[in-house]
Structure formats: structure tokens, C-alpha cells
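Asks: Questions regarding the structure given below will be posed in turn.
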Amino acid sequence: MVGALGAARPNGTMQRRSQHEHEHWRRDGRRQAYAAFVEAAVDYGEAIGTVQAYEGAPGDHPGVEAADLCRRVVELRPATSKALALVLVEGPDDVARAAHEAVRAMTAWACAIGVYPPGHPLAVSRSVQTVLRDGPTDADGLADVTWEGIREFETCARTALDHPLWSGP
């Protein structure tokens, strides 16, 4: 009996160590996903802001430079979507929701300044239409919503990383 109790103690210690290692591994995965999202979202948002700063909608400027700026936004969107997908998998729900809202706002902002024309699938998507229906529809307002969304994501991400994933003995 004493031997069984003695053997159970190291097993319990090893199990707790394993659980803590798993928690560390998960937290590190989340940290990487969150950092990748912030990097991609900021790049995407800055590219959209650059198009907006180029004196209005790109359609007003048929030159190569405007087209290049819009192309850059379009090129950055997949990286943002990929980073969002990682956050959606890693969670938790409030962090994933904040990331999704930030991307929706960025895409609506890009549509509002003409990167994606009115008939484009992104412009008519339910996601973008919801942002436009529930918030500002002008470029400056959508820019504000975007950057507020990224800050909200960062706050949620920090909170999630500060809380243990596993609460055991």
C-alpha cells in the first residue's frame, strides 16, 4: 500500500508538469498567432490608409500610382485573412471575435475608398454590409473603427495571454 502511494505521487507530479508544459505550448501558439495577426492587420490598415491619403478614391486618379496602391491593399488581404484564421482557431472566443470585427472594418474601409468597387464580392458581402449598416459609412469613420478594432483585439489578446489556460491542482 505504501508503495502504491509512493508511486502515485510522482505520477501526479509528472501529470501536472505535462499539463503545465501543454499550457505553455498553447500560450506560445496563441502569442505567435496574435502577433502575426497584429502585424498583418497593421500592414493591411496602413495600405488602406495610404490609398485614402492619395487624395480620395482611386477611381479619381487613373494613374499607375493609384492602381499600384490599390493592388498593394489587395495583395495584403490574404495575409490578413490567413492570420485571422489562426486567431479563430487559437481563440478564445472574445479574442477571435475582436480579430474578426477588425478585419470586417478594414474591408469595409477598403470598399468605402474604392479599392474594391461596388459590385465586387467583398463590397456586397454580408460582412461588409453589416459594418456599413451598423456604423459609419465614410472613410474617416471606418478608419477610426478599424484602428479601434485593432486596439480592442490587442487588449483582448493580452488578457487572454495573462489568464491560465488550465486551472488544475
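The values are calculated or read from the model by the stated rules, or taken from the named source; none is laboratory data. It should be emphasised that the depicted structure is a prediction, and the values quoted were computed from it without experimental measurement. Neighbour counts are summed over all protein chains in view; Cβ atoms, including those assigned to glycine, are modelled from backbone coordinates with ideal geometry. Accessible surface is based on the protein model in full, side chains and every heavy atom, while ligands, DNA and RNA are left aside. Shrake-Rupley method; radii C 1.70, N 1.55, O 1.52, S 1.80 Å.
Asks: Restricting the first residue to the stretch 21-49 and requiring it to be within 15 Å of GLY91 (Cα to Cα), which pairs with a second residue that is surrounded by 13 or more Cβ atoms within 10 Å (Cβ to Cβ) and of a type in the set (Val, Ile, Thr) meet a Cβ separation below 6 Å and a spacing of at least six or different chains?
Replies: ALA33/VAL87; PHE37/VAL87
Asks: Also, quick follow-up: For the stretch 38-68, which positions are at pLDDT 90 or above, open to solvent by less than 70 Å² (accessible area, probe 1.4 Å) and not polar (S, T, N, Q)?
Replies: VAL38, ALA40, ALA41, VAL42, ASP43, TYR44, GLY45, ALA47, ILE48, GLY49, VAL51, listed by residue number.
Asks: Separate question: Restricting attention to the stretch 109-127, report how many residues are open to solvent by less than 40 Å² (accessible area, probe 1.4 Å) and either part of a loop (DSSP other than H, G, I, E, B) or among the aromatic types (Phe, Trp, Tyr) (or both).
Replies: Residues in the stretch 109-127 being open to solvent by less than 40 Å² (accessible area, probe 1.4 Å) and either part of a loop (DSSP other than H, G, I, E, B) or among the aromatic types (Phe, Trp, Tyr) (or both): 8 in total.
Asks: Enumerate the pairs (first residue in the stretch 94-121 and hydrophobic (A, V, I, L, M, F, W, C); second residue anywhere and assigned to a loop (DSSP other than H, G, I, E, B) and buried (at least 24 other Cβ atoms within 10 Å of the Cβ)) with beta-carbon separation below 9 Å, excluding pairs fewer than 6 apart on the same chain, so at least 6 apart or on different chains.
Replies: Listed by first residue and then by second, the contacts come to TRP109/VAL115.
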